[in-house]
Amino acid sequence: MTNNNAVGSRVLQGFSFAVLLAVFGLAGCGSGGGSTTTTNTSPTTLPTPGGIVLSLVPARSSGVAPLAVFFDASGTTDTGVTTRPFHDLEYTWSFGDPNSGTWAYGAQPGVSSKNSATGPVAAHVFEPVFNVGETSRTYTVTMQAFDGTNMNTTTTTITVTNPDVVFAGDNTICVAQLTTPVAGVGGCPVGALTVMQADFPAIISTYATTGKRVLLKRGDTFISSAPVQIAQNGPMTIGAYGSGAKPYIYKNNQVQLLGFNNGNATISDIRVMDLSFDGANNTGANNGIGQFNNQSGAANILLLRNYFTGFQVSIGFGGEGVNAANNQYGWTNKNVNIFIIENETGYTSNTDYGSYIASINVAMMGNKIDNGGYANNPNGSHVTRWTYINKGVIAHNDLFSAGADRHCIYVVGPTWTGGVPDPTFANGTQYSSAFNGDGITKNIVIADNYLKNVSTDHTGWQIILTPTAGHDMRIQDAILERNLHEFSDQTQVAQVIRANYVTSRNNIAISNAANSWMTFVLIPTPELEPSHQYIWLYNNTMYRSTAGADSGFKFILIQDSAASNISMINNLISAPNSTNSLEYKNDVGASPFTHTNNSSNAQINSTSPTFTNTSPVVASDFKPTCTGSTYPCAKGIPVPVWSDFFRSTEPSPRDLGAVSH
C-alpha cells in the first residue's frame with residue numbers, strides 16, 4: 001500500500017479546510033455571491049484532521065474470462081475528517097485494463113473509459129485478448145481516496161484465466177442450426193465437440209454443464225419451445241462463435257426462456273454473452289433470462305452484450321417469487337454478484353420491465369434499455385426496478401421511456417411492519433428484510449447515466465428512491481452523480497428522494513420542451529417510513545430554454561414537513577426565458593434546510609449564464625466561458641465535491657453547477 005496521507009497532488013488550491021468542515025457540519029456560510037443565506041444552523045466544532053484508512057474488498061480474485069468482479073471500498077474510514085466517508089471522499093479506480101475501451105452509452109458515450117470509475121463501490125469486466133500460449137493474465141487494480149487534504153492509495157490483483165485453456169478440447173461445444181460445424185473452422189475452436197441442433201432447451205439441458213463452454217453459430221436461429229433451466233454450477237459459458245449477427249433464440253411459449261435453478265441451491269459462475277433473445281411478444285408469464293419464481297439463488301452471473309425483445313420482463317433476478325419461495329428455506333439462498341453489462345433491450349406491446357432485480361453486489365453498466373413510452377407501449381412499467389440492493393452500481397446506461405406514471409430507475413426496499421424488519425413475505429408485494437438482515441436497501445452508486453422520456457410519456461420521474469405506496473421501506477447511503485437528465489414536455493422530476501443519507505452532485509438536467517412542471521429534486525411526504533434526513537445537493541445544473549410564466553419550475557420541492565438536514569449548495573439553476581421560476585419551495589417548513597450559493601430567483605428568471613453554447617443542448621455546452629465574478633463563475637464555496645461532471649479537478653474558487661470553467 002502506498003500512503004500519501006499528507007497533502008497529495010490533487011489538493012485544490014485556495015480551499016479552506018475549516019470552511020469545508022463547516023459546510024459538512026451545516027454551519028453558516030459566507031455571502032460568497034450566493035443568492036440566499038443559510039437557515040436553521042448551529043455552531044460546529046471542527047475535528048482534528050486525520051488520515052484515510054482504506055478498505056478494498058474484491059468479491060473474487062480469479063476466474064475464467066470474461067471475469068466480472070465487484071469491488072467494495074465502503075469500509076474505508078477517515079477518522080477526524082468526516083463521519084461520512086461513503087459520501088465525502090472521492091474514490092477513483094483504475095482497473096489496470098487500458099485496452100478495455102469506452103462505454104457506448106450513458107452521459108458521455110464514447111468518452112467514458114471502462115478502465116476507470118469513481119465511488120465507494122465499483123465493478124469491472126476483465127476480458128483480455130490472450131496471446132498464443134498465454135494461460136492467464138494478472139491485473140493490478142488501484143483505488144485512491146481523497147478528502148480534500150489527505151490522499152491514500154491501495155491496490156489488489158485479479159488473475160484472469162484463458163477460456164481456451166479452461167474449456168479446451170471437447171469442453172467447448174460448437175452448435176449450429178442446419179449443418180454440423182467443423183472444429184478449427186469458422187471460429188469454432190480446435191478440438192471442440194461439434195453438434196447440429198436447433199432446439200435451444202435440448203442444447204442447454206445436454207451441454208450446459210459444469211466446466212463447459214457452449215458456443216452457438218452466429219447467424220443461426222434456435223427455437224425454444226419449453227422452459228429451460230441451468231441446474232449446475234460453472235465455470236460455464238453460453239456464447240457465440242463465428243462472424244455476423246448474434247445467434248437468434250426465438251421463444252414460442254409463454255414461460256421463461258432461460259433460468260438458473262437447482263432447487264434449494266445457489267447457481268454460480270455462469271456467463272451468457274453475445275446472444276439475441278426474442279420472446280415473440282407472448283402474453284402472460286413471458287420472461288427472458290434470469291431467476292424467476294424459484295427458490296434457487298444466483299451468484300457470479302454475467303450477462304454480457306445480449307439483446308432482448310418481446311418479453312414481459314427481459315432480465316430478472318430475485319423478484320417477489322424467488323424470495324417468497326426462499327422463505328421456506330430460512331433464506332439460505334441469495335443473489336450475489338450479478339452483472340448486467342452492455343446488453344440492449346427492445347420493446348413490444350407486452351413489455352413491462354426492462355429489468356427487475358434484487359441482489360447483493362450488483363452492477364448494471366453500459367446497457368441500453370428502452371420501454372417505448374406510453375404511446376408506443378401503453379402496458380409498459382418501469383425501465384428498471386430494484387426491489388433490494390446492498391452495494392450496487394448503476395452506471396453508463398441509456399434508460400429511456402418508462403410507462404405512464406413509471407420511472408427509469410425505481411429503487412425500493414424490503415418491507416418493515418410495526419417499525420421493525422418484517423420476517424415474512426409481507427403483504428404479498430415485497431420480500432422479507434431477512435434477505436439482508438437489517439432490512440435496508442443501501443450502498444448504491446447511480447452515475448453517468450443518460451435518462452430521458454419521449455414527449456408522449458405521462459408524468460415521468462427518472463430516478464426515484466422511494467417505498468411503494470402504502471409500505472414502510474428503508475433506503476439509505478446513495479450517491480447520484482454525473483447523470484444527464486433530459487426532460488420532455490411530460491417529464492416532471494429528475495430525482496425523487498424518499499431516503500436518508502443521499503448525495504446528489506454534478507448532475508445535469510436539460511429541458512428544451514414546453515413542460516409546465518420541472519423539478520430537479522422532490523422530497524415527498526413519507527409513505528409509512530420515517531421522515532427523511534441528510535440529503536446533500538451539490539453543484540448540479542438545471543436548465544430550461546423555453547419561455548413562459550411557470551411557478552412549476554423549481555430546483556427542489558420539499559413536501560415532507562419533518563425532513564431535516566437538507567443542504568442545497570452551489571447549484572446552477574437557469575430558465576432565462578421564463579418567469580416565476582423558483583430556487584426552492586419549502587412551504588412545509590422542513591428544518592434544518594441549508595440553501596446557499598445557488599442561483600438567485602432573479603438570476604434564474606432573467607440572466608443567461610455565459611455557457612460555451614448560449615443555447616445548451618448537450619453536457620459539454622454547459623462549460624462556463626466567464627472569468628472573475630460574472631455569473632455563474634466564482635460563485636461557489638467548498639463542499640465535498642472534488643471534480644466536476646467531466647471528472648476534471650475543480651478549480652478554486654469553484655463555479656456553480658456541474659461543469660467547471
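Stokes-Einstein, applied to the Kirkwood radius of the stretch 170-254 over Cα pairs at a viscosity of 1.306 mPa s and 10 °C, places its translational diffusion at 124 µm² s⁻¹. Along each principal axis, taking the top coordinate minus the bottom one, the Cα set of the stretch 551-622 gives 41, 22, 18 Å in descending order.
Straight-distance candidates among the aspartates and glutamates for linking to Lys585, with alpha-carbon spacing under 17 Å and chain neighbours fewer than 8 residues away dropped: Asp550, Asp560. Given their separation in residues at 0.36 nm each and the Cα-Cα distance between them, Ser205 and Leu528 gain 111.7 nm when the chain is fully extended. According to the calculation over all Cα-Cα pairs in the stretch 104-211, the P(r) per 10 Å bin from zero is 11, 27, 25, 23, 10, 4, 0 %.
Cross-link pairs exceeding 27 Å in C-alpha to C-alpha distance, out of Lys212/Lys391; Lys246/Lys368; Lys114/Lys554; Lys391/Lys623; Lys114/Lys391, comprise Lys212/Lys391; Lys114/Lys554; Lys391/Lys623.
Working note: Karplus 6.51/-1.76/1.60 with θ = phi - 60° gives the stretch 389-397 the couplings 9, 10, 6, x, 10, 10, 8, 6, 9 Hz, where Gly and Pro are set to x. Taken over the stretch 453-540, the percentage of Cα pairs per 5 Å bin, counting from 0 up to the bin with the maximum distance, is 3, 15, 24, 21, 18, 13, 5, 0. Packing-based ranking of 206-217, 150-161, 483-494 yields 483-494, 206-217, 150-161, ordered from highest to lowest mean Cβ neighbour count within 10 Å. With the cut-off at 1.5 for a/c, could you classify the stretch 477-520 from its C-alpha gyration tensor as rounded, prolate or oblate? In terms of gyration-tensor shape, oblate.
Over the stretch 171-321, the hull volume per residue, using the convex hull of the C-alpha atoms, is 90 Å³. The three principal axes of the Cα atoms in the stretch 50-168 give end-to-end lengths of 54, 29, 17 Å, sorted in falling order.
Peptides 236-248, 127-139, 268-280, 347-359, ordered by how many other C-beta atoms sit within 10 Å of their residues on average, highest first, read 347-359, 268-280, 236-248, 127-139. Rounded to the nearest 20 debye, the dipole magnitude of the stretch 137-280 is 140 debye, with +1 charges on Lys and Arg beta carbons, -1 on Asp and Glu beta carbons, and the Cα centre as origin. What shape does the stretch 82-138 have by the C-alpha gyration tensor, where a ≥ b ≥ c are the square roots of the eigenvalues, rounded means a/c under 1.5, and otherwise prolate means a/b greater than b/c and oblate the rest? Cα axes put the stretch 82-138 in the oblate bin. The relative contact order of the stretch 517-650, computed from alpha carbon pairs under 8 Å that lie at least 6 residues apart in sequence, is 21 percent.
Read-outs throughout are calculated quantities, based only on the coordinates presented, and are distinct from any laboratory measurement. Fair warning: this is a prediction, and the values are worked out from it, not measured in the lab. Note that we place each Cβ from the backbone using ideal geometry, even for glycine, and neighbour counts take in every protein chain shown.
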